[in-house]
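All remarks here apply to the structure that follows.
The values are calculated or read from the model by the stated rules, or taken from the named source; none is laboratory data. Everything numeric in this text was worked out from a predicted model, so none of it was measured. Don't worry about glycine lacking a Cβ; one is built from the backbone with ideal geometry, like all the others, and counts go over all protein chains shown.
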Amino acid sequence: MPDRDDGVQMKDEMKTKSQLIQELEDLRQQVASQKGSAAPSTVSRQRFDGEENFKFIFQNAPEAYFLMDLKGNILDGNKASEKLLGYRRNELVGKNINVVRLLPPEMFNMVRGFLDSDNPKKTTGPDPFTLIHKKGHNIPVEILTHLLNIQGRNIMLGIVMDRTEKEKSRTLIEESETRYRTLFNNASDYIYILDPQNLKNPVIVDANKAVFNAHGLTRNEVVGKPITNLLAPESQKKVKESAGFLASGGILSFEAVHIRKNGTEFYVDFSGRMVPVANKNYIIALERDITERKKSEAALKEEERRYHDLFELSPSGILLEDAQGKILDVNLALCKLLGYSKSELLGKNVRMLVPPGIKVMVEENIDKLLAGEYLTHVAKTRRKDGRILYMSLNEKMVSLSAGSKGILSIAEDISESKAAENLLRESEEKYRQLIDNSLVGIYITQKHILKFCNYEFARIFGYNDPEEITGTHIKKLVKKESWDLVDKEVKLRESGSKNSSHYEFYGVCKDGTEVEVEILGGKINYNGTPAIQGILIDITHRKKAERALHQLNLQYETFIQNSLVGIWQIEFSRKINIDLPAREVASLILNSGYFSVCNDAMAKMYGYKSNKEMVNRRNAEFSVDSEKSIDHLELFVKNNFKVELRDSEESDINGRIHHFRNSYFGAVEAGELKWLWGVQIEITEQRRLEAQLRQSQKMEAVGTLAGGIAHDFNNLLTVINGHADLGLMKLESEHPAHRDIVSILQAGKRAESLTRQLLAFGRKQLQELQIVDINQLITGFEKMVQRLIGEDIKTEINLRPDISAVKADVGQIEQILMNLVINARDAINTRKGESQEKRIIIKTDQIFLYADFVEKNEGSRGGMHILISVKDNGSGLSEEVKSKMFEPFFTTKEPGKGTGLGLATVYGIVKQNNASVYATCDGDGLTSFDVYWPVAEKLQIAEEKRVESKEKYPGHETIFLVEDDEGVRNYALAVLKGAGYTVQTASDGKEALEKLKASDSQFDLLITDLVMPNMSGQELSARIKKLFPGIRILCTSGYTEDHIISTGEITDDVNFIQKPFSAQAVLKKIRQILDK
């Protein structure tokens, strides 16, 4: 690389010489060309200038210049040539090169050959030559020659460059290169020269032998390859991430992992930076193998870990302090002994552990230890709670970091042994006190003679002092019935046949009363002779308690077995560790639990006859949904194994679903769930009633909505139908608009029928209640039924004779029958499957509904009822349809083929009359709709309605009209005025009251809507009656929530007309009222 640098420099120098030669040649040609072309004075001047310039360049050039003819005669030389060769100019000019001996012989012959050439080259060189200095030493040079033609004569210009310094530099470079290459190849570190063209993955340009040897690769397998080929993936990533850092000129340094050819790894410290060499950047990287250091570090860490484990796990307390007593480290054993946490001790002074009274001794010991002594001694230490411990200490000085001194102490708690020494001294006294004050009797017998007893033994038998009975025969203390047992046990122990015994017997007290005692004795040697030592306990009270507990257990078992609620206990076929995840514990409870205890009430809830059939049954057998059961049990586990009033759904032995409400808790011992105790009641019937209540509330809300819609719609229909009526009165039948108005009126009548159905569902339909014979009504309805259902469906009428009459609106009963028959017809016509006879059966019966029926059927009432039943063998009812079939606008028919109001109307009429309706499907494929209608108390059959005439009803009286709906008000005003009445109006009750009070007119009739803002029609009527006692009142409404409509009756003292009303109907009603 240094050679290449010199070559570039030389090339630049030659370029300069070439330019100089060219300039000299240009001057020469300029002088020659001007010899005869310009005026003499001009030519002379220009020639002079050219020659002067040539001479200046020639003489002042830094290189040695020579002019020489082709015979080798030196014509001229410049100052640099004098300096180079050591000759003065006059010593060379005119001399031949052979004479002056400027060249060694071999060089002279080469130059001579060039000069003698027939066609010498115009330019040669630069060529290396050796010139001889005047003093005789050789001068290394390079010579560049150029052939000039001056005034027709060939002259050779030689430019000589001294290479003496360059040769010295080259020699030094070659020596340096040799040393570098030797160092490079023999270095123990790994050296790389990398091409940074791809900085994220530089290519190896060169590497030393250590690299090849370390990797087990040849030079060809390394040079020219990316360095990442030699690195482990994590180190490759580091190289790629460091590209930008290297490019910015930073020195990259990190630990890297290399992979050998055989797959093994070794660790290096990598250092690299960007270095410019000969106008190009290279990355010089140096790596030092740190594999052994890594191993040493790992070994050191392992050694430190082992030391730390030994330190922490040592059963003896260990403490390290510095020379000032600051605690540097302490193990867990010592923390536990002293009652401190590690963080509470670290950094504190060890003197905090020294109790008062021994501080001077502690300071002396510290001085001895720091002086190098090894101490083993016993010292008192103060715990965190203030208690004093006796510690056996082994202490020595240790060297800490930076050469400082420390103290290492190993401590063992000997407080117990110290206490034992004290106890040993006190034991005799304590033993005596223990014997004398023991709560159990202590005795020694030998050959049935009581040798020793304590005060409690004497007290049990009614004696004040042990001396009273010591030395007596034990038979004196035993009841006759128990003596054989006691005698036998004593002999067995004294003979050695039985080492110890434990039994109970009846004793006799000093006063002759009985005492129950429990005895535990064993054989000993007493004064060298076999004896029995034992304890005796008065169990009289315990036995009484046991007998009482036994009685309580009997009562408890009786209570459980006769309880009306289910009581149960669940145990488990495998251990359940409560430290497991909550859901896993819940799963184990379900799947490994079995009923170990349950009462008859519990068993019967699941269909068993007695608890014996259910005991040992797995509780998972009764789960309907195991995942849901586990969800509930998981909450039970998370709630600390307690749950109160949680509802569950389970199946009995027949697969029927029951609903239960449970409260239970779990017993946990030693981290293990042992058993569950619980009670439960069945709430299946409660759930059914709740569902019925929700359905009833839903239907009530929908009914209120339906009634509200019908009310507003009736107001609109009053206006539409009324004005259509008025229009027909004014037009002849031939008038072009007559047919259109008739169509409007017909559509309004159909809409009127629709609102009646909505009012019926909402139980706000106006009723005209009469005593009705249901059989008579159905008989008259039979022909219409056949027209409704078609000839392909067979109708069967089964009417029970002599049934009671009911109180009802005839029109409503007909609505019920018509809607149920149409519903049956549609069910038959949508039936799929095999063809069979199409049948509708209409049946009546008289049934008394008892309490059990009422409980099971929501909405029914007890008492005598008339059953109206419509059955069909159509498509049947799904549970989904049954849950929605009475809702308005619900239909299973295709769009446009049903309003969804048929069954809703039936439901509304039935509920309005305190009746009930239910749908059932029997096993014969028949669907039955059964209406239960209460029988009437008054037995007066209704007369047939008379057909109204179409006569006009004119009048001349004064009427006050109150209506909040502007359209209805304007329509009624037009009708009344058209009939001849004088009319005043108001938009609500409050306005009406004010106008009536202020008016001087005498009003014959008040017509008022019942439902209005500010003041209702009912309230207005009540006030008007007080102010104007003789005034007559006519009420009207689309529906009302007052007493009249809520009861559904028109009483004798209330005049009412239902919206929408026709002109003829309202005028007729007015005349009826006024003409009374």
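Only residues that are in a loop (DSSP other than H, G, I, E, B) and either without any contact (Cβ under 8 Å) to a residue 40 or more places away in the chain or acidic (Asp, Glu) (or both): list them for the stretch 830-860, please. Of everything in the stretch 830-860, those that are in a loop (DSSP other than H, G, I, E, B) and either without any contact (Cβ under 8 Å) to a residue 40 or more places away in the chain or acidic (Asp, Glu) (or both) turn out to be Gly833, Glu834, Ser835, Gln836, Glu837, Tyr850, Glu858. Just wondering, is there one or more residues in the stretch 501-523 that are under 60 Å from the mean Cα position of the chain (by Cα) and of a type in the set (S, T, N, Q)? The answer is no; no qualifying residue exists. Quick check on Gly462: is it more than 30 Å from Tyr340 (Cα to Cα), of a type in the set (Gly, Ala, Ser) and in contact (Cβ under 8 Å) with a residue 60 or more places away in the chain? No; evaluated as a whole, the condition is false for this residue. Of all residues in the stretch 861-875, those that are within 30 Å of Lys832 (Cβ to Cβ) have Cβ atoms under 6 Å from Cβ atoms of residues that are of a type in the set (Gly, Ala, Ser), 6 or more apart or on another chain, in Ser869/Ser928; Val870/Ala824; Lys871/Ser928; Asp872/Ala824; Asp872/Ala827; Asn873/Gly925; Gly874/Ala827; Ser875/Ala827.
Matching residues to (1) within 47 Å of the chain's Cα centre (by Cα); (2) at pLDDT 90 or above; (3) among the small types (Gly, Ala, Ser):
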site	(1), (2), (3)
Glu292	no, no, no
Leu319	yes, yes, no
Glu344	yes, yes, no
Asn349	no, yes, no
Lys368	no, yes, no
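Just to check your reading of the model, which residue among Gly158, Gly125, Gly94 is on the phi > 0 side of the Ramachandran plot and part of a strand (DSSP E or B)? Before the answer, list the steps.
On the way: Gly158 fails: on the phi > 0 side of the Ramachandran plot; Gly94 fails: part of a strand (DSSP E or B).
Answer to the check: Gly125.
Out of Asp625, Asp579, Asp600, one residue alone is free of Cβ contacts under 8 Å to residues at least 40 places away in the same chain, of a type in the set (D, E, K, R) and more than 19 Å from Ile681 (Cα to Cα). It is Asp625.
All of (1) at pLDDT 75 or above; (2) surrounded by 14 or more Cβ atoms within 10 Å (Cβ to Cβ); (3) outside the structural domain of Gly1030 (by TED's automatic domain parsing) hold for Glu963 with one exception: (3).
Listed here are the residues, each with its yes/no results for (1) touching a helix residue (DSSP H, G or I) at 6+ places or on another chain (Cβ under 6 Å); (2) assigned to a loop (DSSP other than H, G, I, E, B); (3) in contact (Cβ under 8 Å) with a residue 60 or more places away in the chain.
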| position | (1), (2), (3) |
| --- | --- |
| Ile173 | yes, no, yes |
| Glu177 | no, no, yes |
| Asn185 | yes, no, no |
| Gln197 | no, yes, no |
| Val205 | no, no, yes |
| Asn229 | no, no, no |
| Gln236 | yes, no, no |
| Lys240 | no, no, no |
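Quick one: count up the residues across the stretch 504-538 that are modelled with pLDDT under 90 and surrounded by fewer than 16 Cβ atoms within 10 Å (Cβ to Cβ). Here the count works out to 9. Of the residues contained in the stretch 456-474, one or more are found to be under 26 Å from Gly528 (Cα atoms), modelled with pLDDT of 90 or more and in contact with a Pro (Cβ under 8 Å, 6 or more places away or on another chain). Only a single criterion out of (1) out of contact with any Ser or Thr (no Cβ under 6 Å at 6 or more places or on another chain); (2) under 30 Å from Glu690 (Cβ atoms); (3) modelled with pLDDT under 85; (4) not in a loop (DSSP other than H, G, I, E, B) is not satisfied by Leu820, namely (3). Of the helices (runs of 4 or more DSSP H) lying entirely inside the stretch 310-395, the ones with 2 or more residues being touching an Asp or Glu at 6+ places or on another chain (Cβ under 8 Å) and under 15 Å from Gly406 (Cβ atoms) are found at 359-370. Just name the residue that is surrounded by the most Cβ atoms within 10 Å (Cβ to Cβ) out of those in the stretch 112-165 that are small (Gly, Ala, Ser) and free of Cβ contacts under 8 Å to residues at least 60 places away in the same chain. Only one residue fits best here, namely Gly125.
Taking the stated definitions as given, is Gly989 free of Cβ contacts under 8 Å to residues at least 60 places away in the same chain, within 20 Å of Leu728 (Cα to Cα) and in the same structural domain as Ala1063 (by TED's automatic domain parsing)? No: the conditions fail for Gly989.
Total residues in the stretch 937-960 satisfying the condition of being out of contact with any helix residue (DSSP H, G or I) (no Cβ under 9 Å at 6 or more places or on another chain) and at pLDDT 85 or above: the figure is 2.
Restricting Gly462, Gly471 to those that are assigned to a loop (DSSP other than H, G, I, E, B), loosely packed, with under 12 Cβ neighbours inside 10 Å and of a type outside the set (Lys, Arg) reduces the list to Gly471. Each residue in the stretch 407-454 was checked for being closer than 20 Å to Val378 by Cα and modelled with pLDDT of 85 or more, and 8 pass. One residue stands out in the stretch 829-882 among those that are basic (Lys, Arg) and within 59 Å of the chain's Cα centre (by Cα): the one that is surrounded by the most Cβ atoms within 10 Å (Cβ to Cβ), namely Lys871.
Residues in the stretch 242-269 that are without any contact (Cβ under 8 Å) to a residue 24 or more places away in the chain and outside any helix (DSSP H, G or I): Ser242, Ser248, Gly250, Ile251, Leu252, Ser253, Phe254, Gly263, Thr264, Asp269.
Within the span defined as the stretch 796-803, one or more residues are at pLDDT 85 or above, surrounded by fewer than 21 Cβ atoms within 10 Å (Cβ to Cβ) and among the acidic types (Asp, Glu).
Being touching a Lys or Arg at 6+ places or on another chain (Cβ under 6 Å) and β-branched (Val, Ile, Thr) is a property that holds for Ile251.
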